[in-house]
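So the structure is just underneath, and the comments pick up after that.
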Amino acid sequence: MKPITLLVALSILTLTLLNAKNQDYDSYVIAGDSCFNIGCYQEAIDNYKEALDGVLRKLGTENTEVAAIYDKLGETYKTTGIYQDALDNYEQGLEIRRKVLGENNSLVAENHMNLGTFYFDLGDYNMALDHFSKAQDIKARLLGVNHPDVGWVYNLMGCVYLELKDSTSSRTYLDKAIATMGETNPNSASVYNNLGMNYKTFNQSQKADESFRQALNIYKTVLGKVPSSRSNILIMLYTYIGHVHFELEEYQQALAGYQKAMVLQVGLTGTKHLDVAEFYRCIGNVYAESGNHTESLTSYGKALDILIDILGQDNPKVGRVYSAMGSQAMEIGDRERALGYFEKSIKIFEQSRGRIESESLKASYTETVAERYEEIIDLLVKMDRVEEAFQYLERSKSKALKDALDERYEIDLGAGTLASKIEESKVLANKVDNLESQLNTEKQKPDSLRNQTKLENLSHQLQEAKTQYFKVAAQIQADPDYAFSVRVHPTEIGKLRDELPEGQKLVMIYSGEKELYLFCVHSQGYEVRSVPVRRDSLTVLINRCRYLCGARYAEYLARKGMLFGWSWSDDGTKFYKEEVAPLKSILLELYSYLIEPLENEFSTAEVITFIPSGQLYYLPWGALADVKDRNDEPVFLSERYNWHVMTSTELLDCIYRRADNKELLNTLALVGNPAGADPDLPSAEEEVSSIKAAYPSAVVLTGEDATESGVTSIIPNSQVLHLATHCRLNAESPWESYIHLAETDTTDGRWTVEEIYAQSWDRIQLVTLSACETAVGSDRPGLGLENMAKAFSIAMEGPPSIIATLWPVADESTKEFMVAFYEELKDNPKSEALRKAQAELINSEKYSHPFFWAPFILIGEWR
């Protein structure tokens, strides 16, 4: 069969349209389908849009034919990598079908399938699971639970759980899929393939091999029944055969499968088609895995030429191929060439992500971009180009506190996809500015001319405007990778070195897939260390550390009477072997990875600033230990060094700017055990009373007095706000997180994130969140507004200091810790006061276990 050329195809389409009466929308749909099939995607989009205009005029908005065209537009945009437009069109189609057909309709189920596949391809597995689950429910009601179509949805859900690393759930759904579809159903081959991937992922090689070969047998059986005239089906089968052989590491057979499929594809569509580019990419993967890196680069290059010709230079699919080519250039030792490919890949991903409006899409897209940064950071470290690696590391991190927080009323976010929010924020910022000006003018008038009613009205309007402004601004800045959608100003090591005070050591930590990178910057220079520990291994260690230090395990130890009076000495008992030794071992191992490589630098440090990434945000840094100086007794980080945590080097600008305005911290607002606390917190009340004994001028609010209005009224005159109460975090809906205060007739006792933003924080230098898990958010640590510490951080425009907690804390020991901290704060910087308070509990008879003292972390200003 001769390839259909673009010119011939377009001629056919033109004749079709000219012959159509009144240019009916059906003709445009046919034209769009034809263009899509031969790879003319922009022409397909143009025709679908013409069809959409026609059908809307003829049938109105609420019609399933309109929904069908939205689906076609969605599929075309997804194919070309224009993800936001794809999502918008898919959702439009779903909304129409829901209105017209109701929830329980097969077409609605198909819409959910489309959206599920879309989110799956983009890496947002929770959203994918949600849509697949809805599709499964509808199909089961309409067709019965044992229908093959329901089995296919089970298959897709199994794939999602596999990506979520939930082996058990994945196999459960894949087994249900096979049971529902039957062994002889051709689609069961795909299920067996996915089952093989499951076994392979979780290191069950024999079962993986058996599953892959079962899939292969089914594909080959079906292949023998397909007539040669059915090119599309043959292409699909040869492609799947190539995939299965690839997973079995049978690369010659995989190559043969892909090549047969590509020959048929070229005969059907010609060479300039996305499917042909995909075959070249698959062939490149085969050569890469079989060690033929030169041939791999050649195949990737052919795929790249087609993709650029069809999609343009800045398409994310082009970025993926550049990334693959960078990896192959690395394999042949051409580092400069690899660097060029990686730089192009990152540039494309940053630009394409900037065109996405959906927060969900941005979050999932971030994971893909992170992989690109990891590659280039690893390469630059190997090339000894440390400053550039450091800059890319800073670019890869979240910048939730961007320039908009430093320049409160001059948000300059560029002209990206957040345009509407940006405009709204600017209008509100101007409104706030004008109201403040009017208020100040009125306040400066002599008493005889001052209008008290006008003052009250202006104050009320200003407060409302601030609330609206900060909500909008926070929505903009709460994006998990804010810089990607705006602009990137990577921190330069030279600039950092000039600004860092003598004695401060700044350590940025990045956990790559295969190695851990430690970048240490100080006023004299910088150091970089790579540690051969995989990210997944480090994550396991961190999670285990948090468990053994945290509340659940502490409850277990307390029930056995072994929590209080904890001892690290090896007394040869079963308890030491089973309970003490495992925790000690983990703390020592983490220290060896994260601290020991830079011990020489730390020996002269006055303070260490940790800027972590990933799960390292949730690490109890002060509990990391070694035993070199104490004959097997652990020496903890908090016994040796002053330390604190920051989310980004960008916070340093704000901290340095405030350095000249430092005052002695002697004006405290102490809030403890508000009425309605559940459970009651009697030690919190004692906590604030004890702190007041050391600071007689402190204002104390407890019980019924600890209301929202009471707290907000004392903040403007305070330097320190201490909150000894419950904190309720809602990672699913961060805006609903709140600090518990006493309820009144006009307030609900929930001081929410939104209300925190609206408060004035000009004088506050320290917020202490003496509550449970105030520093812990979702499973994407450090990248959102899912924690109360971040809420205060944004509200205070990059605060001097916040003390927060990593796990639920004990009432009585927290009182002891806080009293010690504030006593030390009289004569010491905040980091030193925190260190000494932790050391006091470390060396106490009752509270030496890390559960009591390790959860407290200092975020922000350390002085």
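When the range 269-290 is filtered for residues that are open to solvent by less than 40 Å² (accessible area, probe 1.4 Å) and in contact (Cβ under 8 Å) with a residue 60 or more places away in the chain, the ones remaining, listed by number, are T269, G270, H273, L274. Does the range 257-268 hold any residues that are of a type in the set (G, A, S) and touching a residue at least 60 places away in the same chain (Cβ under 8 Å), and which are they? Within the range 257-268, G267 is the sole residue that qualifies. Just one of (1) modelled with pLDDT under 95; (2) open to solvent by 30 Å² or more (accessible area, probe 1.4 Å) fails for D305. It is (1).
Selection of the range 843-857 for residues being surrounded by fewer than 24 Cβ atoms within 10 Å (Cβ to Cβ) and in contact with a Ser or Thr (Cβ under 7 Å, 6 or more places away or on another chain) yields only Y847. When V521, V533 are checked against the criterion of being farther than 15 Å from S613 by Cβ, aliphatic (A, V, I, L, M) and in contact with a helix residue (DSSP H, G or I) (Cβ under 8 Å, 6 or more places away or on another chain), V521 stands alone in meeting it. From the list R335, R281, R320, the one residue that fits, being farther than 28 Å from D85 by Cβ and of a type in the set (K, R), is R335. Considered as a group, the residues in the range 544-574 that are in a helix (DSSP H, G or I) and aliphatic (A, V, I, L, M) include one that is farthest from A623 (Cα to Cα), and that residue is A558. What number of residues within the range 575-624 satisfy the criterion of being open to solvent by less than 40 Å² (accessible area, probe 1.4 Å), aromatic (F, W, Y) and either in contact (Cβ under 8 Å) with a residue 60 or more places away in the chain or in a strand (DSSP E or B) (or both)? Residues in the range 575-624 being open to solvent by less than 40 Å² (accessible area, probe 1.4 Å), aromatic (F, W, Y) and either in contact (Cβ under 8 Å) with a residue 60 or more places away in the chain or in a strand (DSSP E or B) (or both): 5 in total.
Only one residue in V627, V645, V635 is under 21 Å from T768 (Cα atoms), modelled with pLDDT of 70 or more and among the hydrophobic types (A, V, I, L, M, F, W, C). Which one?
V645
Scan the range 200-220 for residues that are surrounded by fewer than 20 Cβ atoms within 10 Å (Cβ to Cβ) and over 24 Å from L234 (Cβ atoms) and the total you get is 10. Somewhere in the range 804-823, is a residue under 28 Å from the mean Cα position of the chain (by Cα), open to solvent by less than 10 Å² (accessible area, probe 1.4 Å) and free of Cβ contacts under 8 Å to residues at least 60 places away in the same chain? For the range 804-823, residues under 28 Å from the mean Cα position of the chain (by Cα), open to solvent by less than 10 Å² (accessible area, probe 1.4 Å) and free of Cβ contacts under 8 Å to residues at least 60 places away in the same chain: present. Only one of the numbered conditions (1) within 22 Å of L506 (Cα to Cα); (2) surrounded by fewer than 23 Cβ atoms within 10 Å (Cβ to Cβ) is not met by R835, and that is (2). Taking the listed residues A51, A128, A135, the one that is of a type in the set (G, A, S) and either surrounded by fewer than 18 Cβ atoms within 10 Å (Cβ to Cβ) or farther than 30 Å from S188 by Cα (or both) is A51, with no other qualifying.
Here are P808, P799: which of them is closer than 19 Å to P620 by Cα and at pLDDT below 90? Steps first, answer last, please.
Details: P799 fails: closer than 19 Å to P620 by Cα.
So the residue among P808, P799 that is closer than 19 Å to P620 by Cα and at pLDDT below 90 is P808.
The values are calculated or read from the model by the stated rules, or taken from the named source; none is laboratory data. Every value quoted in this text rests on a predicted model; they were computed, and no experiment measured them. Positions of Cβ are generated from backbone atoms using ideal geometry, with glycine treated the same way; all protein chains shown enter the neighbour counts. Calculation scope for accessible area: heavy atoms of the full protein, side chains included, ligands and nucleic acids excluded. Shrake-Rupley method; radii C 1.70, N 1.55, O 1.52, S 1.80 Å.
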